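Enquirer: The structure that follows is given in the form of structure tokens.
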């Protein structure tokens, strides 16, 4: 085991400034220690004793090393779900993850409980020191590494909000009501954050963590349902709990401090207390026209929400993580405020009816229009910990959330993911993927392709890659895993980002509007070859402009951006063959194995999304990097085989060729264009399949057959075909 001198030497080589600390103590006694600079050659003078603690001078002296010191248990419990991931964490037996290390240019700051004065956590930087592994804590416990890996480098603009959020969550968890009052507490907190403008997903993740740290049930789905109910009632104009109830629950000191740490200023909270978040009086109008009210409505909403844009048939606001739609009810109620307002020199009164309200909202859509706003979004995955940005080479970096990214959805999970290799091997995600493709020669290629398809949906680029494709999950037997993979893809995104529209509904503009703004369209129904072969199917998969309308609403022009995934047991037949346009828009993933009863886990796809969001997100990031680098999906050999079989089954001429010809690898190819060939006494043909096409040559006559191959045959071939012939007795070309 290394002694203090050897450990200190390692720290010096890392670029850290070391401080000698007495054995079993936390504070140095060396005079002038903040200015002490000990080189590796001088270690013997300061660490000559067998027992000595090792302190690290933080901040500027040690390459901007920062220690997030978690003093309370609640902070330790919540940190992994809130702080940016890092591979450098240490502590002691009773609190093994109480210190998170980062490289960051930031100042020191402490967060205390305003009622008890107890320290919750600290940002320790320049001017502070911390005893590091190799030391003995005053409690007698060894200070040990929990994980001694690369230290994450983060910006102060990302670190401070995360630490502040952790402090607020820890504070609320410490003051969470005892058993019996917890349900009402969740209702109050969810309602308060709804009124503060948080998205329901953000509320659910935060409250679930607080409840878990307080010893309760951390059921994300339940918290999400509570938040969604509060949001619905708020948008409907119903009364929900606000600042007053929040203060009554936690006490005014705790409520104010938590609000400040979460970026909800005390003055803003007091304003909510006074007027329950209502908009101010509309005041005097000049003309009272629909256009004037529409412009005033736009200004009102911008004052309340910040930037407001209208795109793809609806208005949007940014909630701090992503853009979310403004409820139609909120819009109409905002217009109602102008009913009875005065205008003109004679102070006439505005009298609104349904027709005028609709007219005002129509003009509002013109005033706030930002056409193709989301079409020009930044390529990346929006997640809980920030925005994962990808360059053209597929390299990923984490940056803070911003409205400029134009993200409409956030994927659950934090990235980068910290997970041991043996943990990953035992995960539900690995069990699903390995179990579904076990025994397949190209299993790894299929697993990669599934990641790329899910990543395409998470990125929102299903129609923007070089060759957009609808993906067909083909499993001819039951319990083969395809339905669970489909559930996994659905669960990656929030419900509002997913539709389930089968292809035969694409031609109906009342249904196809469901695809507007969606990142994934996943259906258990593939329907007929006729619907797949339609021009509408091609337009939707490729993301070309299309028109649609919601019932009782105007026609909306939009570009579908969803990644389409369909599950089926049988590939549909095509009358007259499958044309090239359809073929290049499809990719088949075959599921050949029936999972044994003993290996099946009920609802495993959905469970992975709930229980392993970080691991799943990392799997998506790997798929996204590969997808962007390649410019398109990977191509497992089994996918090509399945697509060739589908093509042959769909075309009677190709089916004849498949049945009647034999393979001849030595046939010399001769490229042909359009041919019409009638063989009255033809010889059986030999085909050589190559990477670019098929070569057809004649062999000695052994049978008599008659067929006709027209130019249509060549137009539906999977690739270029080459034909070579020899003189044939009785045969004509």
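The values are calculated or read from the model by the stated rules, or taken from the named source; none is laboratory data. Small disclaimer: the values here were computed from a predicted structure and weren't measured. Every residue, glycine as well, gets a Cβ built from its backbone with ideal geometry; the counts of neighbours run over all protein chains shown.
Enquirer: If you check residue 606 against the conditions, is it in a strand (DSSP E or B), under 19 Å from residue 520 (Cα atoms), touching a helix residue (DSSP H, G or I) at 6+ places or on another chain (Cβ under 9 Å) and touching a residue at least 40 places away in the same chain (Cβ under 8 Å)?
Expert: No: the conditions fail for residue 606.
Enquirer: Continuing with the same structure: Against the conditions (1) crowded, with 20+ Cβ neighbours inside 10 Å; (2) modelled with pLDDT of 90 or more; (3) part of a loop (DSSP other than H, G, I, E, B), where does residue 439 fall short? Just the number, please.
Expert: With (1) crowded, with 20+ Cβ neighbours inside 10 Å; (2) modelled with pLDDT of 90 or more; (3) part of a loop (DSSP other than H, G, I, E, B) applied to residue 439, the lone miss is (1).
Enquirer: Looking at region 499-506, is at least one residue under 26 Å from residue 621 (Cα atoms) and buried (at least 18 other Cβ atoms within 10 Å of the Cβ)?
Expert: yes
Enquirer: What number goes with the only condition from (1) buried (at least 22 other Cβ atoms within 10 Å of the Cβ); (2) in contact (Cβ under 8 Å) with a residue 40 or more places away in the chain; (3) touching a helix residue (DSSP H, G or I) at 6+ places or on another chain (Cβ under 9 Å) that residue 98 does not pass?
Expert: All conditions are met except number (2).
Enquirer: What about residue 473, is it crowded, with 24+ Cβ neighbours inside 10 Å, in contact with a strand residue (DSSP E or B) (Cβ under 9 Å, 6 or more places away or on another chain) and closer than 26 Å to residue 598 by Cβ?
Expert: Yes, satisfied.
Enquirer: Okay, next question. Inspect all residues belonging to region 109-124 and state whether any of them is in a loop (DSSP other than H, G, I, E, B), under 24 Å from residue 51 (Cα atoms) and touching a strand residue (DSSP E or B) at 6+ places or on another chain (Cβ under 8 Å).
Expert: no
Enquirer: Taking the conditions exactly as written (at pLDDT below 95, in a helix (DSSP H, G or I) and over 17 Å from residue 433 (Cβ atoms)), does residue 649 satisfy them or not?
Expert: It is true that residue 649 is at pLDDT below 95, in a helix (DSSP H, G or I) and over 17 Å from residue 433 (Cβ atoms).
Enquirer: In region 254-267, which residues are touching a residue at least 24 places away in the same chain (Cβ under 8 Å), surrounded by fewer than 14 Cβ atoms within 10 Å (Cβ to Cβ) and assigned to a helix (DSSP H, G or I)?
Expert: Those that are touching a residue at least 24 places away in the same chain (Cβ under 8 Å), surrounded by fewer than 14 Cβ atoms within 10 Å (Cβ to Cβ) and assigned to a helix (DSSP H, G or I): none in region 254-267.
Enquirer: Show the residue pairs meeting these rules: Cβ distance below 7 Å; 6+ apart or different chains; first residue within region 107-118 and without any contact (Cβ under 8 Å) to a residue 40 or more places away in the chain; second residue surrounded by 14 or more Cβ atoms within 10 Å (Cβ to Cβ) and part of a strand (DSSP E or B).
Expert: That search, which allows pairs on different chains as well, returns 110/119; 110/122; 112/119; 112/120.
Enquirer: From the list 173, 167, which residue is surrounded by 15 or more Cβ atoms within 10 Å (Cβ to Cβ), assigned to a helix (DSSP H, G or I) and over 26 Å from the mean Cα position of the chain (by Cα)?
Expert: It is 173.
Enquirer: Please identify the pairs in which a residue from region 376-398 that is touching a residue at least 60 places away in the same chain (Cβ under 8 Å) and assigned by TED's automatic domain parsing to the domain that holds residue 633 has its Cβ atom under 7 Å from the Cβ atom of a residue that is part of a loop (DSSP other than H, G, I, E, B) and surrounded by fewer than 16 Cβ atoms within 10 Å (Cβ to Cβ), counting only partners at least 6 apart or on another chain.
Expert: Partner pairs satisfying both residue conditions: none exist.
Enquirer: Hey, another quick one. Out of the residues in region 206-238 that are touching a helix residue (DSSP H, G or I) at 6+ places or on another chain (Cβ under 8 Å) and part of a loop (DSSP other than H, G, I, E, B), state the one that is nearest to residue 261 (Cα to Cα).
Expert: 214
Enquirer: Restricting attention to region 65-81, and to residues there that are in a helix (DSSP H, G or I) and under 24 Å from residue 116 (Cα atoms), which single residue is farthest from the chain's Cα centre (by Cα)?
Expert: 73
Enquirer: Considering region 187-196 alone, what residues qualify as being surrounded by fewer than 24 Cβ atoms within 10 Å (Cβ to Cβ) and either touching a helix residue (DSSP H, G or I) at 6+ places or on another chain (Cβ under 7 Å) or not assigned by TED's automatic domain parsing to the domain that holds residue 245 (or both)?
Expert: Of everything in region 187-196, those that are surrounded by fewer than 24 Cβ atoms within 10 Å (Cβ to Cβ) and either touching a helix residue (DSSP H, G or I) at 6+ places or on another chain (Cβ under 7 Å) or not assigned by TED's automatic domain parsing to the domain that holds residue 245 (or both) turn out to be 187, 188, 193, 195.
Enquirer: If you don't mind, another one. For residue 82, indicate whether it is closer than 17 Å to residue 143 by Cα, surrounded by 15 or more Cβ atoms within 10 Å (Cβ to Cβ) and in contact with a helix residue (DSSP H, G or I) (Cβ under 6 Å, 6 or more places away or on another chain).
Expert: So residue 82 fails the test.
Enquirer: Would you point out the residue of region 213-247, among those that are touching a residue at least 60 places away in the same chain (Cβ under 8 Å) and surrounded by fewer than 19 Cβ atoms within 10 Å (Cβ to Cβ), that is farthest from residue 201 (Cα to Cα)?
Expert: Taking the candidates together, the pick is 237.
Enquirer: Please go through region 447-467 and give me each residue that is buried (at least 24 other Cβ atoms within 10 Å of the Cβ) and outside any helix (DSSP H, G or I), ordered by number.
Expert: 460, 462
Enquirer: Looking at region 280-306, which of the residues that are outside any helix (DSSP H, G or I) and surrounded by 14 or more Cβ atoms within 10 Å (Cβ to Cβ) is modelled with the highest pLDDT?
Expert: For region 280-306, the residue satisfying everything is 289.
Enquirer: Further, regarding this structure: In this structure, does residue 423 turn out to be assigned to a helix (DSSP H, G or I), surrounded by fewer than 15 Cβ atoms within 10 Å (Cβ to Cβ) and either in contact with a helix residue (DSSP H, G or I) (Cβ under 7 Å, 6 or more places away or on another chain) or at pLDDT below 95 (or both)?
Expert: So residue 423 fits the description; yes.
Enquirer: Do you know which of the residues in region 330-352 that are over 23 Å from residue 235 (Cβ atoms) and outside any loop (DSSP other than H, G, I, E, B) is farthest from the chain's Cα centre (by Cα)?
Expert: Top of the filtered list is 348.
Enquirer: Modelled with pLDDT of 90 or more, in a strand (DSSP E or B) and more than 27 Å from residue 197 (Cβ to Cβ): which single residue out of 397, 355 fits that description?
Expert: 397
Enquirer: Also, I was wondering about something else. Conditions: (1) more than 30 Å from residue 422 (Cβ to Cβ); (2) modelled with pLDDT of 75 or more; (3) assigned to a loop (DSSP other than H, G, I, E, B). Residue 564 meets all but one. Number of the miss?
Expert: Here residue 564 clears every test but (3).
Enquirer: In region 17-27, which residues are surrounded by fewer than 19 Cβ atoms within 10 Å (Cβ to Cβ) and on the phi < 0 side of the Ramachandran plot?
Expert: Those that are surrounded by fewer than 19 Cβ atoms within 10 Å (Cβ to Cβ) and on the phi < 0 side of the Ramachandran plot: 22, 23, 25, 26, 27.
Enquirer: Okay, moving on. Yes or no: residue 557 modelled with pLDDT of 85 or more, closer than 24 Å to residue 460 by Cα and not assigned by TED's automatic domain parsing to the domain that holds residue 359?
Expert: Spelling it out, it is not the case that residue 557 is modelled with pLDDT of 85 or more, closer than 24 Å to residue 460 by Cα and not assigned by TED's automatic domain parsing to the domain that holds residue 359.
Enquirer: Looking at region 343-354, can you tell me whether even one residue there is within 30 Å of residue 152 (Cα to Cα), in contact with a strand residue (DSSP E or B) (Cβ under 8 Å, 6 or more places away or on another chain) and buried (at least 18 other Cβ atoms within 10 Å of the Cβ)?
Expert: No: region 343-354 contains no residue that is within 30 Å of residue 152 (Cα to Cα), in contact with a strand residue (DSSP E or B) (Cβ under 8 Å, 6 or more places away or on another chain) and buried (at least 18 other Cβ atoms within 10 Å of the Cβ).
Enquirer: Yes or no: residue 512 at pLDDT 90 or above and either crowded, with 18+ Cβ neighbours inside 10 Å or within 18 Å of residue 411 (Cβ to Cβ) (or both)?
Expert: It is false that residue 512 is at pLDDT 90 or above and either crowded, with 18+ Cβ neighbours inside 10 Å or within 18 Å of residue 411 (Cβ to Cβ) (or both).
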